[in-house]
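Undergrad: Just dropping this structure here.
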Amino acid sequence: MIPGRAALIGCPLDLTSTYRTGSDTAPQAIRTASDSIETYSPFLDLDLGDVPFADIGDVPLHGETLENALKKIRSALSEVLEAKARPLSLGGEHTITLPVVEALNTCNADFVVVHADAHSDLREEYEGSTINHATVIRRISELVGPERLIQIGIRAGTREEFTWMRENGTLLHWGPAAEKTLLARIGGRSVYLTLDLDVLDPACLHATGNPEPGGWFYPDLERLFSALAEITLLAADIVELNPTLDPSEAGTITAAKIVREALLILGRSA
């Protein structure tokens, strides 16, 4: 790992999925698909050859309980952060974001969590559990405070979740010029990005456990990348790809391209 540079780490967790399982296969599938795409990003005018990064493999989670798996992710991310690297975590399910933010919060208390997702993930509990893919952002809001949370792309949730977002001012509508509003909300602080791939419309990427119609298309994501390229991106995660639902591999290749852009932005932030 290189201080100030990106470090790719797989978190193949799939223990609380409630609809379609298989996201634990995503980290390796994304690595394999990355061989089919260019290392150069014309959008950012950067090449991975210009921005050294380390792939430190996957956190070994097979056979672990949820509690132990989250502890192992937290410990692994703490090591990356102690080395002054900038982690890009690959899920796996969205629950991986909680231990990553916990690790980051112990060494940096002045960052904003930007949450791009179709779902609010703000339930107090879901199916008898307080820690899962549907509650992860509520647990994170309790950790960092709603004032350090910005949610974009959200189009599904309970009435209570939408009421919570409105009352706490976390929801940002991704309309025209929304990236300018996002930068104003960030206010010069550093950012942690958590990107659930179901923020994309199923017509753009269907290979996810809980697809939700009415979502973003790739240019919407590029607008987010443009904004993030202007700030300091401390760390990020990309979650909820399900390669088992992707016989064409188009969604996995799309995810690999998104990972490339995130690695370049993380390196550019150094």
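Undergrad: Just checking, which of Ile131, Ile154 is of a type in the set (A, V, I, L, M, F, W, C), assigned to a loop (DSSP other than H, G, I, E, B) and surrounded by fewer than 21 Cβ atoms within 10 Å (Cβ to Cβ)?
TA: Step by step, each of Ile131, Ile154 is checked, and only Ile131 is of a type in the set (A, V, I, L, M, F, W, C), assigned to a loop (DSSP other than H, G, I, E, B) and surrounded by fewer than 21 Cβ atoms within 10 Å (Cβ to Cβ).
Undergrad: If I ask for residues that are over 21 Å from His133 (Cα atoms), touching a helix residue (DSSP H, G or I) at 6+ places or on another chain (Cβ under 9 Å) and among the aliphatic types (A, V, I, L, M), which ones from the stretch 215-257 would you list?
TA: Leu221, Leu224, Ala227, Leu228, Ala229, Ile231, Leu233, Leu234, Ile253, Ala256
Undergrad: Taking the stretch 106-121 as the region of interest, how many residues are at pLDDT below 95 and not hydrophobic (A, V, I, L, M, F, W, C)?
TA: 3
Undergrad: Now for a different question. If Ile2 passes every condition in (1) at pLDDT 95 or above; (2) over 15 Å from Ile96 (Cα atoms) but one, which one does it miss?
TA: Ile2 satisfies every listed condition except (1).
Undergrad: In the stretch 16-40, what residues are modelled with pLDDT of 95 or more, crowded, with 20+ Cβ neighbours inside 10 Å and not acidic (Asp, Glu)?
TA: Ser23, Ala26, Pro27, Ala29, Ile30, Ala33, Ser34
Undergrad: Taking the options Thr194, Thr181, Thr163, name whichever one is buried (at least 17 other Cβ atoms within 10 Å of the Cβ) and either without any contact (Cβ under 8 Å) to a residue 24 or more places away in the chain or not in a helix (DSSP H, G or I) (or both).
TA: Thr194
Undergrad: Let me ask something else. If you take the residues of the stretch 234-268 that are closer than 29 Å to Ser78 by Cα and touching a Lys or Arg at 6+ places or on another chain (Cβ under 7 Å), which of them is modelled with the lowest pLDDT?
TA: Among them, the one singled out is Gly267.
Undergrad: Those residues that are within 13 Å of His115 (Cβ to Cβ) and in a loop (DSSP other than H, G, I, E, B), I need them from the stretch 166-178; list them, please.
TA: Correct list: Thr170, Trp174.
The values are calculated or read from the model by the stated rules, or taken from the named source; none is laboratory data. Just so we're clear, the structure is a prediction, and the values are computed from it rather than from any experiment. Using ideal geometry, Cβ is built from the backbone for each residue, glycine included, and neighbour counts are taken over all protein chains shown.
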